[in-house]
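Values quoted throughout were computed directly from the atomic coordinates according to the rules given, and no laboratory measurement underlies them. As the structure is a prediction and not an experimental result, all values here were calculated from the model. Methodologically, a virtual Cβ is constructed for each residue, glycine included, from the backbone with ideal geometry; neighbour enumeration extends over all protein chains shown.
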Ligand SMILES: *Cc1c(COP(=O)(O)O)cnc(C)c1O
C-alpha cells in the first residue's frame, strides 16, 4: 500500500488517489470471524460497501470466507447477486417496498421483515407460489427505527399463521449505542430481545453490528453483521477494538504561493494570515467528500508534518498552510496525505464534526481508485 503515492504517480486527469487495501479488508473480516466463532459473521455492504466499491469488496469478502451479505435495498441486492456465486445469502435490511416481492423471490433474496405488513406481503407471495420463502424478522428493541413493535410481536406470537409460508431464519434487532461500552441501553435492548426470543424459541438471533461484537458473547447471537469494522473504522470505545486501516487518500497540490500578513484566504474571507505564510491549494474539495465542515478545522499531512486547512473548503479545492515545510517542498503535482498513516479516518471525521461512516460514504468518484491486496 502506498506504492503509487511514493512514486508521486496518479493517472493523468485525477486529482488524487484513493487506495483501498482489500488484503486489510480480508484480515479484518477474518479477525472478526475468529472472535465471533461459533457465531457466523456476515458483512454489511450497503451503500456501495460504505463507498469503497462493492464490485471489489464483495468478491474479496467472499474469498475471505463470508457467505452472508447485508444490503439496504433491493437494487443493491440485484447488483450483488451478479457479483457473487449462488451459495451466498443476501439480506435486505430495509425489507421490500410493496410490489418488489416477486423480483426479490426470483433472485432468492432474503428480506428483513420490519412490520406485520411486510410479513403479510411476503407471506401472500409464498402462498401464491406454494413455496416457503426465507426471511429475517426484525423487532424493535429500543431504537424506534425499524422492526416490529411489541404489540406486533405479541400479535404474531398469538397467531403464527400471519407468517404462513414464510421460513423465518433469524430473529434480528439493532443496537442504538453498541459503540459505547458503558451505555446502559445495550443491556436494556438485549433484555428486550431475550423476552421476544422466548416467544420464538426456534429462531436463532442476529443482533451485533461492529460495535456489538465488542460488547461480549452475550451480544453475538448466531449471526453478527459488522460493517464499519471491516472497512477500518474504529467500531467501539473498547480498548481491543483496533482494526487495520483499509483506506488511504492522497491529493495533489495544484498551486502554491507566499502571502504577506493580512492576506485573506478563500470564500467569505474567513481566514486572515496573521503573518507572512506559504499556502498550497489542493485539487479536491467538498464535491470529493472533503466536507465543508473541515473549513478552518482539518488538516493534510506531508511526511508527518501537519498542514492545517485555512479558509473555507471549496467544491473542487481547498487551501492548506504549508509554512511548516521547507520552501519548495511542495509544488504543482505534489501529493499530500488526507487519510493515511499520520491521519486516521477517525481523526478527519472528528475534525469534520462527523463519523467515519459519513467520511467513507462521501468519498468522491473523481479520485483514482487503486485496489491493492
Ligand atoms: C448499517 C447496519 C449495520 C452495520 O453497522 P456497523 O456499525 O457499520 O457495523 C448492521 N445492522 C444494521 C441494521 C445496519 O443498518
State, as an integer percentage, the relative contact order of region 244-326 based on alpha-carbon contacts under 8 Å between residues 6 or more apart. 29
Relative to the present Cα-Cα distance, how much length would full extension add between residue 34 and residue 195 at 0.36 nm per residue of separation? 55.1 nm
If I stretch the segment between residue 161 and residue 315 completely, what's the gain in nm (0.36 nm per residue apart, minus their alpha carbon distance), one decimal? 49.9 nm
Measure off 7 Å from each Cα along the Cα-to-Cβ vector at residue 354 and residue 327, then give the distance between these two points in nanometres to one decimal. 3.9
Most fluctuating residue given options 98, 235, 245, as computed from a GNM of the chain linking Cα atoms under 10 Å: 98
Express in nm, to one decimal, how much length is gained between residue 365 and residue 144 on full extension, taking 0.36 nm for each residue of separation and deducting their alpha carbon distance. 76.2 nm
Region 27-108, relative contact order [Cα under 8 Å, separation at least 6], %: 27
The alpha-carbon center of region 282-309 and that of region 204-227 are separated, in whole Å, by 35
Nearest-5 percent of antiparallel DSSP beta bridges in the chain? 50
Answer rounded, prolate or oblate for the chain, using the Cα gyration tensor with square roots of eigenvalues a ≥ b ≥ c: rounded when a/c is under 1.5, else prolate when a/b is larger than b/c, else oblate. prolate
Return the whole-Å distance between the Cα centroid of region 18-78 and the Cα centroid of region 228-262. 21
Gaussian network model of the chain, Cα within-10 Å springs - most flexible of 178, 51, 304: 304
Structure-based [θ]222 nm, the chain - -39500 (n - 2.57) summed over DSSP H runs of at least 4, per residue, nearest 500: -8000 deg cm²/dmol
Rounded if a/c is under 1.5, else prolate if a/b is larger than b/c, else oblate: which is region 291-354, with a ≥ b ≥ c the root eigenvalues of its Cα gyration tensor? oblate
Over the chain, with a Gaussian network built from C-alpha contacts below 10 Å, which listed residue (259, 310, 17) shows the highest mean-square fluctuation? 259
Restricting to Cα pairs below 8 Å that are 6+ residues apart, what does the relative contact order work out to for the chain? Please round to a whole percent. 18
Distance in Å, no decimals, from the C-alpha centre of region 311-373 to the one of region 91-149 is 41
Shape call, region 121-271: gyration tensor on alpha carbons, a/c limit 1.5: prolate
